[in-house]
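This report refers to the structure that appears directly beneath it.
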Amino acid sequence: MNTPASSEVLVVGGGPAGSVTAALLAARGHSVTLLDRARFPRDKACSEFMSPAATEVLQRLGLLPELEREPSARPVALRISSHDGHSLVGRFSAAPVKPWQSAGLALRRDRLDARLLAAAANAGARVCEGWTVDSVIHVRAAAGGVMAHDRHGAHREFRASITVGADGLRSRVARCLGGVRRGRPRRVAFVAHLAGVTDLQPGQAEMHVFDRGYAGLNPIGDGLVNAALVVPAGQAKLSRGHADQFLLDTLRQLPALESRLRCARIVRPTLVTGPFAQRARRTIGHGIALVGDAAEFHDPFTGDGIHMAVRGAELLAPVVSAALARRDVSARALVPYVQARRSAFAAKRIVERVLALGIAHPRLFAACIRGIARRPGLAHTVVGVSAGFVPVTALFHPGLFLLPHPAS
Ligand SMILES: Cc1cc2nc3c(=O)[nH]c(=O)nc-3n(C[C@H](O)[C@H](O)[C@H](O)COP(=O)(O)OP(=O)(O)OC[C@H]3O[C@@H](n4cnc5c(N)ncnc54)[C@H](O)[C@@H]3O)c2cc1C
């Protein structure tokens, strides 16, 4: 393989976080090498929903127009239902802070990720598929690149001034940097593409919370629906060897979905992932930084992980570029990235904690859904906050909690 022994930046992982980081740094004139163990296009366990917050970043990067040419769907609203049959509908365009576009984008990850990786290559990054990173190498107490192997068992060193870990939930780079903190609850996800789902509302993605977890239905175009099921890890053990059946049977047990999924069939085998509540202990070190799920994984309920991955890349790239220009890639030079992440994502963590509480207490969740559904303004705000384009502070506006006048 004709790969240079060393580059300024080495990115591990070619998902949204890694591809966008590589594209932005290559576009700034840096020499960038990106390694991914997979060959693209590859599937990814994901509900494949992007809110307008995510598409706004892709638009800024100039990538949205070609993504929109792919077969896809345009969600304009999210319906959240509780186990007792109540639901709220939040429309993006009715939120108190207007999104830049009224619709998000629901696009298969094999297509999205292949396009983003191609964008990195087009910007000048050297993309090496089929290389699995085993460890980070150190040069004088700083990260100096990685050791990796290919499918034929060939091992080699890739050296760089800065190593970026964008290798997802089970990040090898995060483990080498300082380890990960595993959180609770321990949950596992099952994700498939279904045909034959009935009674879909145009432009509406759905989340259904039930006593053991939650399920999402997200139309992705071509008549297909992405179905995701998240259950406690202990229960997921029952699925061993028959994930497809487990997914369909569990979804059909939900009263709201039973008749709608009667004729549904799985057209892409179920992908299983988890447990996933975890966060890296450190996001930067000397000559090294983490981005995307490698830095912290967020509960899939909010469907905002892709946004945080590409936004994280946008925050990281200028800091890395400036550090390289100053020839100082120490942890101290990367601190502005940590600060930028904190201010961009702190609210997300609050939303997530509140959601986790609700999901763990289905009766409390159902009571909240009932209360919010009676206040449509609040429903739009809640969905906007969870989708990442409305600030959490919007939830404290007292007017939101007034019930509509009976005559109105
Ligand atoms: C069930 C579920 C549903 C979700 N639904 C949504 C949703 O609807 N919307 C949304 O925005 N987010 C969703 N997410 C979250 C979203 O999938 C992630 O946040 C997003 O993929 C993060 O992107 P990333 O680039 O950080 O990591 P990834 O997309 O995971 O990419 C990591 C890349 O690193 C590569 N890699 C891993 N290890 C190595 C190694 N050792 N060497 C080389 N390469 C390696 C992998 O092959 C992969 O290509 C969901 C997640 C789950 C689990």
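Only the coordinates and a few stated rules stand behind these numbers; no lab work does. Small disclaimer: the values here were computed from a predicted structure and weren't measured. Note: ideal-geometry Cβ built from the backbone for every residue, glycine included; neighbour counts use all protein chains shown.
Rounded to the nearest 10 degrees, the inclination of helix 362-373 to the longest alpha-carbon principal axis of the chain is 80 degrees. 5 Å is the cut-off here: which amide hydrogens, built 1.01 Å from N in the peptide plane, fall below it relative to Gly145, excluding neighbours closer than 5 in sequence? Long-range HN contacts for Gly145: Ile137, Ala160.
With a Förster radius of 51 Å applied to the beta-carbon distance between Asp244 and Phe396, the computed FRET efficiency rounds to 0.70.
Note that the stretch 136-152 has calculated 3J(HN,Hα) couplings of 8, 9, 10, 10, 6, 6, 10, 5, x, x, 9, 9, 9, 9, 9, 5, 8 Hz, one per residue in order, obtained from phi through the Karplus relation 6.51 cos²θ - 1.76 cosθ + 1.60 (θ = phi - 60°); glycine and proline are x. Here the 3J(HN,Hα) profile of the stretch 120-129, calculated from phi with Karplus coefficients 6.51, -1.76 and 1.60 at θ = phi - 60°, is 5, 5, 5, 6, x, 6, 8, 9, 10, 8 Hz, Gly and Pro shown as x. Using only Cα atoms, tell me the angle between helix 16-27 and the longest principal axis of the chain; keep it within 0 to 90° and round to the nearest 10. Helix 16-27 and the main axis of the chain meet at about 40 degrees. In the frame of its principal axes, the chain has Cα extents of 69, 48, 39 Å, reported largest first.
Taking the Cα centre of the stretch 1-67 as origin, sum charge times position over the Cβ atoms of Lys and Arg (+1) and Asp and Glu (-1), and report the length of that vector in debye to the nearest 20.
Values: 6 positive and 6 negative charges, 28 e Å.
That gives the stretch 1-67 a dipole magnitude of about 140 debye.
With a 10 Å Cβ neighbour count serving as the proxy for reagent exposure, in which order, fewest first, do Ile350, Ile372, Ile137 appear?
Lowest count first: Ile350, Ile137, Ile372.
One decimal place: the segment Glu70-Glu157 gains 27.6 nm when fully extended, by the rule 0.36 nm per residue minus the C-alpha distance. Under a 5 Å amide H cut-off, with hydrogens placed 1.01 Å from N, Val267 pairs with His193, Leu194, Ala195 among residues at least 5 apart or on other chains.
Measuring nothing but alpha carbons in the stretch 1-61 and taking Rh as the Kirkwood radius, the Rg to Rh ratio lands at 1.03. Over the stretch 111-211, the reciprocal of the mean inverse Cα-Cα separation, the Kirkwood hydrodynamic radius, stands at 17.8 Å. In the stretch 129-277, with Lys and Arg counted as +1 and Asp and Glu as -1 at Cβ, which of these residues, His149, Leu224, Ile266, has the Cα nearest the positive end of the dipole, that is, farthest along it? It is His149. Between amide H atoms placed 1.01 Å from N, distances below 5 Å from Gln204 occur with Val76, all of them 5 or more places distant or on a separate chain. Averaging 1/r over every pair of different alpha carbons in the stretch 180-230 and inverting the result gives a Kirkwood radius of 12.3 Å.
Using the Cα gyration tensor of the stretch 189-313, with a ≥ b ≥ c the square roots of its eigenvalues, what is the shape: rounded (a/c below 1.5), prolate (a/b larger than b/c) or oblate (neither)?
Details: a/c = 2.44, a/b = 1.73, b/c = 1.41.
Prolate, since a/c reaches 1.5 and a/b exceeds b/c.
Here's the list of lysines a cross-link from Lys348 could span, going by alpha-carbon distance under 24 Å and ignoring same-chain residues fewer than 8 apart: Lys44, Lys98. Axis angle, to the nearest 10 degrees, between helix 331-360 and the longest C-alpha principal axis of the chain: 20 degrees.
Remark: the Asp328-Arg140 segment gains 66.3 nm on full extension, using 0.36 nm per residue and subtracting the alpha carbon distance. In terms of its C-alpha gyration tensor, the stretch 258-408 comes out oblate, because a/c is 1.5 or above while a/b does not outweigh b/c. Taking each residue as 0.36 nm, the span from Val267 to His361 lengthens on full extension beyond its C-alpha to C-alpha distance by 30.5 nm.
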